[in-house]
Amino acid sequence: MSPAPAGPLLDGITVLDFTRVLAGPYCTRMLADLGARVIKIERPGEGDDTRRGYIQLEEGRPDQGTYFVRINAGKLSVALDLGHPRGREVVLDLARVADVAVENFLPGVAARIGCDHAALSRVKPDIVYCSISGFGQTGPLRDTPAFQHIINAVSGIMHLEAGTDPLPHVGYLQSADVLSGTHAFGAILAALVRRGRSGHGAYLDVSMLEAMVAAEDVSYGAVLNGGEISVGPRVGMVVHRLGGEDFAMQTVGGPQLWSRLCAAMKRPALAEDPRFATPILRRQNWPALRELIVAWLDGFGTRERALQGLRAARIPGSPVLSPHEVVAHPHLEARGAFPEIPHPGRGKVRVTATPFQVDGRPTAPVTGAPYRIGEHTRQVLGDVLGYDSRTIDDLVAAGAIGVV
């Protein structure tokens, strides 16, 4: 264990967070976990959509979805009506003390409600401003509403995942949101480095569509250069069942895996077989090769013996785990992957950690998620902006802000 660091990596950084649902909140959750003060702007009375999501942590309450609590841990909630003229004045005051602003509205919405880059940079020229949207801020599709399912379809990934199935299917993972949020996180940190060196702010435009396309590892590189896509299940990947138990193995990804596989199967002649002599030939003849691999795996009789054989041969393999098995896994427990955070209604709840460690320590939220919409409105407007109680009460009376 390394010595205790001097402080969080983003200590002293203030983030103005206009985001909702997943892509933007995932980005700002990581910023908060690294020590930034994240001021989450929520619509009075409604808040983030995910407050009403699956599953509710408190019986009889609709605003404590586990989705919201996990993605918004460590943030401060300010209830602010962005459509109210006085609410917009508060936004500009917040921008003056912010280092970063993040939004994931449909392009054009931020400009209409006065919190776009142009408006905020007028009062804070060196602000790092990040827009996350489905298709980016420019181009013919910029005004198209987007969610993961839609991006999965238009990115080509749904087509690739369908393989030889008669119809494409619905993907499970919210990849486009998490990928674009992660790209936004990285771009924001890079912009802060530049600002520290030059004093210049930045305007960042992150596209969910382009994040999905960038994540594909084989087909786009081929198609862009005159090649063909590989139709069907991923070549070199096997999912198999023995004794009612599922496991996965991989035979590609490193040049040494093929020779290890031939040796483990005790079929050295496979390396000279004209169907499998090169990586391209193994790709082209994958169905026949997969049949041979599966027959070898069946010889183990049980999943555990098959996995032992794979480990002995240094071939990647793993049981297929359920989420219940994952959260109880000793490896993830040792890594601190599911930290506890405080929750007024439950005492404590568990969330996922940010998936990297700093100085040998897990990166986890330092506080819980905002318990109520506008829970920190008075605190932020008073302590951060210096508003007195009378000014805050006037804003409440005018309907520009909400308080608890």
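The values are calculated or read from the model by the stated rules, or taken from the named source; none is laboratory data. Everything quoted here is computed from the prediction, not taken from an experiment. Cβ sites come from the backbone with ideal geometry, for glycine too, and all protein chains shown count toward neighbours. Just the protein is used for accessible areas: all its heavy atoms, side chains included, with ligands, DNA and RNA removed. Shrake-Rupley method; radii C 1.70, N 1.55, O 1.52, S 1.80 Å.
Could you check how many residues of the stretch 254-275 are open to solvent by 60 Å² or more (accessible area, probe 1.4 Å), among the charged types (D, E, K, R) and part of a helix (DSSP H, G or I)?
Selection size over the stretch 254-275: 1.
Within the stretch 319-339, is even one residue open to solvent by less than 50 Å² (accessible area, probe 1.4 Å), among the hydroxyl-bearing types (Ser, Thr, Tyr), at pLDDT 95 or above and closer than 20 Å to PHE185 by Cβ?
No: zero hits.
Only one of (1) over 28 Å from ALA190 (Cα atoms); (2) surrounded by fewer than 18 Cβ atoms within 10 Å (Cβ to Cβ) is not met by LEU92, so which one is it?
(1)
Under 29 Å from ILE341 (Cα atoms), touching a strand residue (DSSP E or B) at 6+ places or on another chain (Cβ under 7 Å) and in a helix (DSSP H, G or I): is that true of LEU120 in this structure?
no
Of everything in the stretch 65-91 that's in a helix (DSSP H, G or I) and of a type in the set (Lys, Arg), which residue is nearest to the chain's Cα centre (by Cα)?
Here the answer is ARG70.
Take the residues in the stretch 239-253 that are surrounded by 12 or more Cβ atoms within 10 Å (Cβ to Cβ) and assigned to a loop (DSSP other than H, G, I, E, B); name whichever of them is farthest from the chain's Cα centre (by Cα).
THR251
Taking the stretch 340-358 as the search range and keeping residues that are of a type outside the set (S, T, N, Q) and open to solvent by 50 Å² or more (accessible area, probe 1.4 Å), which one is farthest from PHE300 (Cα to Cα)?
PRO344
Would you check if there is a residue in the stretch 40-48 being part of a strand (DSSP E or B), crowded, with 24+ Cβ neighbours inside 10 Å and touching a Lys or Arg at 6+ places or on another chain (Cβ under 7 Å)?
Scanning the stretch 40-48 turns up at least one residue that is part of a strand (DSSP E or B), crowded, with 24+ Cβ neighbours inside 10 Å and touching a Lys or Arg at 6+ places or on another chain (Cβ under 7 Å).
What residue, among those in the stretch 196-227 that are exposed (fewer than 15 other Cβ atoms within 10 Å of the Cβ) and in contact (Cβ under 8 Å) with a residue 60 or more places away in the chain, is farthest from TYR129 (Cα to Cα)?
Taking the candidates together, the pick is GLY199.
Filter the stretch 171-195 down to residues that are free of Cβ contacts under 8 Å to residues at least 40 places away in the same chain and closer than 29 Å to HIS159 by Cα and give me whichever is most open to solvent (accessible area, probe 1.4 Å).
Filtering the stretch 171-195 for residues that are free of Cβ contacts under 8 Å to residues at least 40 places away in the same chain and closer than 29 Å to HIS159 by Cα, the one most open to solvent (accessible area, probe 1.4 Å) comes out as TYR172.
List pairs: first in the stretch 135-163 and at positive phi, second open to solvent by 40 Å² or more (accessible area, probe 1.4 Å) and of a type outside the set (A, V, I, L, M), Cβ under 8 Å, 6+ apart or cross-chain?
GLY136/ARG142; GLY136/ASP205; GLY136/GLU210; GLY156/TYR220; GLY163/PRO233
Restricting the search to the stretch 141-158, which residues are closer than 20 Å to ARG20 by Cα, among the hydrophobic types (A, V, I, L, M, F, W, C) and open to solvent by 20 Å² or more (accessible area, probe 1.4 Å)?
ALA146, PHE147, ILE150, listed by residue number.
Exactly one of (1) within 30 Å of GLY227 (Cα to Cα); (2) modelled with pLDDT under 95 is unmet by CYS262. Its number?
Unmet for CYS262, out of (1) within 30 Å of GLY227 (Cα to Cα); (2) modelled with pLDDT under 95: (2).
List every residue pair whose Cβ atoms sit under 9 Å apart, with the two residues 6 or more apart in sequence or on different chains, where the first one lies in the stretch 292-311 and is modelled with pLDDT under 95 and the second, anywhere, is assigned to a helix (DSSP H, G or I) and crowded, with 19+ Cβ neighbours inside 10 Å.
Close Cβ pairs satisfying both conditions: none exist.
Considering only the stretch 50-69, I want to know if a residue exists there that is within 19 Å of VAL21 (Cβ to Cβ), in contact with a Ser or Thr (Cβ under 8 Å, 6 or more places away or on another chain) and among the basic types (Lys, Arg).
No; the residues of the stretch 50-69 include none that is within 19 Å of VAL21 (Cβ to Cβ), in contact with a Ser or Thr (Cβ under 8 Å, 6 or more places away or on another chain) and among the basic types (Lys, Arg).
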